[in-house]
Ligand SMILES: Nc1ncnc2c1ncn2[C@@H]1O[C@H](COP(=O)(O)OP(=O)(O)OP(=O)(O)O)[C@@H](O)[C@H]1O
Ligand SMILES: [Mg+2]
């Protein structure tokens, strides 16, 4: 686990983010009042079961969500490297405008779960890495090629001159993921968004790619938003964790605090369902019973109510659950803590 001293000014603040999608006869409230901050040089993990809104949340930072998504709220970005972007609400920028283009790919980059969706089969790896460099860093082709070769080398791809001229299908899954990382980092972004970056890879390659991301983070002093449903990866990589359930952040804390002192019954369930290294092989892994409901016709009931073993009838099903502050860095959205903690106002 990382320990970083500079937990100072946030590079990015997501404030009351709401994303709704009109479907045939109803509106899906896929993201419902999400709030978090990413501090400079640190990694925030966004964790939760499938469908809880992790990808929509992270893609909205790049304005990459499909047209049918209606997005509200603020995503305040404070660049240190770019004077024009020292305090902008990304959601106010025109998605195809100049400012958004200088955020996307240059200041903030993204890597996806399946590299083949981001790589074109028609162009060489080298050309694809150079493209972004030529847009954002230099117009000089020779210089751009050298940056691309250095980047391939940095992500552990040897024989880079030969690899530069090959096509994506000539690379293994792990190598393609390295290429994606090289592309994403070729313009020294301040923030890297990694949405399930290693889910498609086998475990040893997964560990190598994560290690690589950690090393490059130190080198380039960037922040990372890491989206995953794997708590093992969270423990390994993150400084802080936001636990997401049904479009909301239900608990947020530094990584040690999440594992040593989880509060929300959902977070506790996620941790119980984690396989333990050296644990009793005969022990059955517990899973959280039930499935995530669809976020339509949202009432005031807590989204976890039907699955929660500690629910309080007459309370958790009747009122909107506020966010309670456990301490300066730890908050939880759960009535169990009503009497112990002060509401922090973000209801
Ligand atoms: N373009 C879309 N049209 C309709 N519904 C969508 C669209 N994109 C996402 N959704 C729905 O919004 C909800 C949140 O989706 P999202 O992809 O953010 O989940 P996720 O947490 O990233 O899940 P996973 O772990 O499976 O990747 C889901 O119910 C999903 O089906
Ligand atoms: Mg996703």
Task: Failed item in (1) over 22 Å from residue 249 (Cα atoms); (2) touching a residue at least 12 places away in the same chain (Cβ under 8 Å); (3) more than 10 Å from ligand 1 (Cβ to nearest atom), with residue 68 passing the rest - done: (3)
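To keep it simple, each residue is scored yes or no on (1) at positive phi; (2) buried (at least 19 other Cβ atoms within 10 Å of the Cβ); (3) within 16 Å of ligand 2 (Cβ to nearest atom).
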{"position": "152", "(1), (2), (3)": "no, yes, no"}
{"position": "192", "(1), (2), (3)": "no, yes, no"}
{"position": "200", "(1), (2), (3)": "no, no, yes"}
{"position": "217", "(1), (2), (3)": "no, yes, no"}
{"position": "233", "(1), (2), (3)": "no, yes, yes"}
TODO: Considering every residue within the stretch 66-89, establish whether at least one is under 15 Å from the mean Cα position of the chain (by Cα), modelled with pLDDT under 95 and within 16 Å of ligand 2 (Cβ to nearest atom).
DONE: no
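Listed here are the residues, each with its yes/no results for (1) farther than 22 Å from residue 189 by Cα; (2) crowded, with 19+ Cβ neighbours inside 10 Å.
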| site | (1), (2) |
| --- | --- |
| 10 | no, no |
| 27 | yes, no |
| 34 | yes, yes |
| 42 | no, yes |
| 56 | no, yes |
| 60 | no, yes |
| 67 | yes, no |
| 94 | no, no |
| 110 | no, yes |
Task: Odd one out for residue 110, checked against (1) farther than 23 Å from residue 236 by Cβ; (2) outside any loop (DSSP other than H, G, I, E, B) - done: (1)
TODO: Within the stretch 123-168, count every residue that is farther than 18 Å from residue 209 by Cα, in contact (Cβ under 8 Å) with a residue 40 or more places away in the chain and part of a loop (DSSP other than H, G, I, E, B).
DONE: 6
TODO: Within the stretch 312-321, track down each residue that is within 21 Å of residue 29 (Cβ to Cβ) and more than 28 Å from the chain's Cα centre (by Cα).
DONE: 316, 317, 318, 319
TODO: For the stretch 177-184, indicate whether the set of residues that are out of contact with any strand residue (DSSP E or B) (no Cβ under 8 Å at 6 or more places or on another chain) and surrounded by fewer than 16 Cβ atoms within 10 Å (Cβ to Cβ) is non-empty.
DONE: no
Open item on the list: Just the residues that are farther than 21 Å from residue 323 by Cβ, outside any strand (DSSP E or B) and within 16 Å of ligand 2 (Cβ to nearest atom), please, taken from the stretch 24-60.
Closed with: 50, 51, 55, 59
Task: Among residues of the stretch 320-334, those that are touching a strand residue (DSSP E or B) at 6+ places or on another chain (Cβ under 7 Å), part of a loop (DSSP other than H, G, I, E, B) and farther than 10 Å from residue 264 by Cβ, counted - done: 3
Open item on the list: I need the full set of residues from the stretch 248-261 which are within 26 Å of residue 294 (Cβ to Cβ) and either touching a helix residue (DSSP H, G or I) at 6+ places or on another chain (Cβ under 6 Å) or part of a helix (DSSP H, G or I) (or both), in order please.
Closed with: 250, 251
TODO: Filter the stretch 207-231 for residues that are within 16 Å of ligand 1 (Cβ to nearest atom) and modelled with pLDDT under 90 and give the result.
DONE: 229, 230
- [ ] Six or more apart or on different chains, Cβ under 6 Å: which pairs go from a residue in the stretch 274-302 that's exposed (fewer than 14 other Cβ atoms within 10 Å of the Cβ) to one that's modelled with pLDDT of 80 or more and part of a loop (DSSP other than H, G, I, E, B)? Could you list them?
- [x] 285/273; 286/273; 287/273; 300/319; 300/320
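The values are calculated or read from the model by the stated rules, or taken from the named source; none is laboratory data. These numbers were taken from a predicted model, which means no experiment stands behind them. Glycine gets a Cβ as well: all are built from the backbone with ideal geometry, and neighbour counts include every protein chain shown.
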